[in-house]
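Following: one structure in structure tokens, then a few remarks.
The values are calculated or read from the model by the stated rules, or taken from the named source; none is laboratory data. Predicted model only: the values in this text are computed from it and were never measured. Counting neighbours? That spans all protein chains shown, and the Cβs are built from the backbone with ideal geometry, glycine included. In case anyone asks, the SASA skips ligands and DNA or RNA and just uses the protein heavy atoms, side chains included. Shrake-Rupley method; radii C 1.70, N 1.55, O 1.52, S 1.80 Å.
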Amino acid sequence: MLYAFPSWVLLFISVKACSPSMPHVAVFSVAAILTTTLLFHGLWRILYLQPLAGEKPPSIKTRNIIIFLAVLAFLSIAFSYQAGVRHDYVQYRKHWDVILAGLDPWLGTDNAYGPVHNLFAWMYRVHALFPKILFSFLLVSTGAISSFFPLGIKDRTYSIQRCCLFAFFILSPYSLITVNLYANNDILPAAAMVLALIGTVALKSFSSRVISGGILAIGVMSKFYPLIILPSLSLRRRCIDWAFVSGFLGTLLLGSSLAYRLWGNSVLIPLLFANSRESKHLSIFNFTRNVLGLNLDRFSTPFMLVVFLVMSIFLFKKNIGPMLGSILTFAAVLSFYKVGHQQFFLFFFLVSPFAIRYLLSCSNILTPKVAAIFFVWTGYLNWYQLEYQLTCGMWEWPAKVFRYAGALPYLTISAVLAMTILGRITAKDLMLADSLDLDT
């Protein structure tokens, strides 16, 4: 509570009031920095200092953990309901109104999403906030799975650490603003990516891998970017996992066929729309275009492809399993995507509890130094989203500086994190247990 409560207080303040100009924006900005620093420094201490001191924290009973999750889930969903219709959810309602009217959801609208997004129109018919509440529930449920689901190996973290991973990542200001306040539908692909990853890493059975492939396909049919981690989840020991691939392709073909039958060629419009958008927020191309006056947006796709190929080849040669492979590949590609919206990073907040538990339990890659830099990286994302909310969208000076220049510190921190992790992967003392691979 000491580490998390100030962030939650500032979050509730941001819901009630924001300021686009001085002096309030300066106070809000400093508060956002301090609360974010406290949040992630606290998590670092909980994960590393307590065990190193030789103090085994008291175990928490399963019943109390269930109560803990139930209370936080209720508060989270209540917060989402009370916040009402905001941000992108306003546009979602227009999309769903078009569908309920029997019209094509992509023609004459700004709908850049896949067919799964359209299915929520019928939930929207029941109640205007029903999809938003479902998004909030999906955040909490996926986060609970990430934080408490068995790893498939012996979990060497303590119950108090797992509770803190859930509270600090899943209920961080970043996550609550992205999903519970703004109701960004990125929770759909992000949750699908995390569940597919956990299904292949923790369960390993043939049926679980087929289901995991189907779950990832559902994520792709909501937004296309889960395709980035498809190779990492489809390859094991340099061989194709046909169980996962068959589940993915079967679900994708079935869903795409039904969507094509309903709406025809317009289902391809989201792909064209994504390529036509200009750079924004945390994309380095946003910085070069608005600060340096160099419009390099057209190079985004080639850079993404090159980075994707280079990272994939490197991970393939190192025989890195799906856990690290998915996270590193997605982070590398996303760093060069020209539309650097904050919500695209939701995957990292959802997967972090499971990944941290897994890597701490079967490898020595997640040293205190690596974890510290990773928490600076996620802390920056948390601060940026909180700053965005506190300053009414960063449209006025001085907050407007971060709307265009915020990508520079993000890319700098990302580069340091990437070099640190890649350095650990190539280190002589690295121990990656066999359990990082599918067949063990």
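Just the residues that are free of Cβ contacts under 8 Å to residues at least 60 places away in the same chain and either touching an Asp or Glu at 6+ places or on another chain (Cβ under 7 Å) or assigned to a helix (DSSP H, G or I) (or both), please, taken from segment 364-379.
369, 370, 373, 374, 377
Could you tell me which residue of segment 3-25 is nearest to residue 395 (Cα to Cα), considering only residues that are open to solvent by less than 40 Å² (accessible area, probe 1.4 Å) and in a helix (DSSP H, G or I)?
Taking the candidates together, the pick is 25.
Would you please name the residue that is modelled with the highest pLDDT, looking only at residues in segment 176-204 that are in a loop (DSSP other than H, G, I, E, B) and open to solvent by 10 Å² or more (accessible area, probe 1.4 Å)?
The selected residue is 182.
Residues being part of a loop (DSSP other than H, G, I, E, B), among the small types (Gly, Ala, Ser) and touching a helix residue (DSSP H, G or I) at 6+ places or on another chain (Cβ under 8 Å): count how many of those fall in segment 244-295. First the steps, then the outcome.
Here is the first cut: in segment 244-295, the ones part of a loop (DSSP other than H, G, I, E, B) are 277-279, 282-283, 291-295.
Then keep just the ones that are among the small types (Gly, Ala, Ser); that gives 279, 283, 293.
Imposing the further condition that a residue be touching a helix residue (DSSP H, G or I) at 6+ places or on another chain (Cβ under 8 Å) reduces the set to 279, 283.
Of the residues in segment 244-295, 2 are part of a loop (DSSP other than H, G, I, E, B), among the small types (Gly, Ala, Ser) and touching a helix residue (DSSP H, G or I) at 6+ places or on another chain (Cβ under 8 Å).
Residues being at pLDDT 85 or above, more than 17 Å from residue 37 (Cα to Cα), buried (at least 24 other Cβ atoms within 10 Å of the Cβ) and among the aliphatic types (A, V, I, L, M): count how many of those fall in segment 384-403.
Final tally of qualifying residues: 0.
Quick one: in segment 205-230, which of the residues that are open to solvent by 30 Å² or more (accessible area, probe 1.4 Å) and not in a helix (DSSP H, G or I) is farthest from residue 241 (Cα to Cα)?
224
From (1) touching a Ser or Thr at 6+ places or on another chain (Cβ under 6 Å); (2) farther than 24 Å from residue 144 by Cβ; (3) open to solvent by 50 Å² or more (accessible area, probe 1.4 Å); (4) not charged (D, E, K, R), pick out the condition that doesn't hold for residue 103.
Result: residue 103 fails condition (1) only.
In segment 301-335, how many residues are modelled with pLDDT under 90 and more than 30 Å from residue 151 (Cα to Cα)?
Looking only at that region, the number is 1.
Each row is one residue, and each column tells you yes or no for (1) in a helix (DSSP H, G or I); (2) in contact (Cβ under 8 Å) with a residue 24 or more places away in the chain; (3) of a type in the set (S, T, N, Q).
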| site | (1), (2), (3) |
| --- | --- |
| 1 | no, no, no |
| 29 | yes, yes, yes |
| 37 | yes, yes, yes |
| 47 | yes, yes, no |
| 63 | yes, no, no |
| 70 | yes, no, no |
| 79 | yes, yes, no |
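Within segment 288-306, which residues are open to solvent by less than 30 Å² (accessible area, probe 1.4 Å) and of a type outside the set (Ser, Thr, Tyr)? Steps first, please.
We begin by selecting, within segment 288-306, every residue open to solvent by less than 30 Å² (accessible area, probe 1.4 Å); these are 288, 297, 300.
The one that is open to solvent by less than 30 Å² (accessible area, probe 1.4 Å) and of a type outside the set (Ser, Thr, Tyr): 297.
State whether the residues of segment 253-275 include one that is open to solvent by less than 90 Å² (accessible area, probe 1.4 Å), under 26 Å from the mean Cα position of the chain (by Cα) and free of Cβ contacts under 8 Å to residues at least 40 places away in the same chain.
No, the conditions are met nowhere in segment 253-275.
Quick one: in segment 81-102, of everything that is part of a helix (DSSP H, G or I) and touching a Leu at 6+ places or on another chain (Cβ under 7 Å), which residue is modelled with the lowest pLDDT? Spell out how you get there, then give the answer.
In the first step, residues of segment 81-102 are kept if they are part of a helix (DSSP H, G or I); the result is 81-83, 89-100.
Checking which are touching a Leu at 6+ places or on another chain (Cβ under 7 Å) leaves us with 81, 83.
Details: 81: 91, 83: 87.
Checking each candidate, the answer is 83.
Which condition from (1) open to solvent by 20 Å² or more (accessible area, probe 1.4 Å); (2) at pLDDT 95 or above; (3) of a type in the set (Val, Ile, Thr) is the one that residue 421 breaks?
Only one criterion in (1) open to solvent by 20 Å² or more (accessible area, probe 1.4 Å); (2) at pLDDT 95 or above; (3) of a type in the set (Val, Ile, Thr) is unmet by residue 421, namely (2).
Restricting the first residue to segment 390-412 and requiring it to be in a helix (DSSP H, G or I), which pairs with a second residue that is surrounded by fewer than 19 Cβ atoms within 10 Å (Cβ to Cβ) and of a type in the set (A, V, I, L, M) meet a Cβ separation below 7 Å and a spacing of at least six or different chains?
Close Cβ pairs satisfying both conditions: 404/291; 405/291.
Regarding segment 332-349, can at least one residue be identified that is within 23 Å of residue 393 (Cβ to Cβ), open to solvent by 10 Å² or more (accessible area, probe 1.4 Å), in contact with a helix residue (DSSP H, G or I) (Cβ under 8 Å, 6 or more places away or on another chain) and among the aliphatic types (A, V, I, L, M)?
Checked segment 332-349: at least one residue is within 23 Å of residue 393 (Cβ to Cβ), open to solvent by 10 Å² or more (accessible area, probe 1.4 Å), in contact with a helix residue (DSSP H, G or I) (Cβ under 8 Å, 6 or more places away or on another chain) and among the aliphatic types (A, V, I, L, M).
Quick one: which residue in 136, 147 is open to solvent by less than 10 Å² (accessible area, probe 1.4 Å), polar (S, T, N, Q), in contact with a Pro (Cβ under 8 Å, 6 or more places away or on another chain) and closer than 17 Å to residue 192 by Cα?
From the options 136, 147, the qualifying one is 147.
Among (1) small (Gly, Ala, Ser); (2) within 23 Å of residue 75 (Cβ to Cβ); (3) in a helix (DSSP H, G or I), there is one condition residue 121 misses while meeting the rest; what is its number?
Single failed check for residue 121: (2).
Residues of segment 149-164 being of a type in the set (A, V, I, L, M, F, W, C) and either assigned to a loop (DSSP other than H, G, I, E, B) or modelled with pLDDT of 95 or more (or both), which ones?
Listed by number, the residues that qualify are 149, 151, 153.
What tally of residues in segment 235-252 results from selecting those that are in contact (Cβ under 8 Å) with a residue 60 or more places away in the chain and open to solvent by less than 20 Å² (accessible area, probe 1.4 Å)?
Residues in segment 235-252 being in contact (Cβ under 8 Å) with a residue 60 or more places away in the chain and open to solvent by less than 20 Å² (accessible area, probe 1.4 Å): 2 in total.
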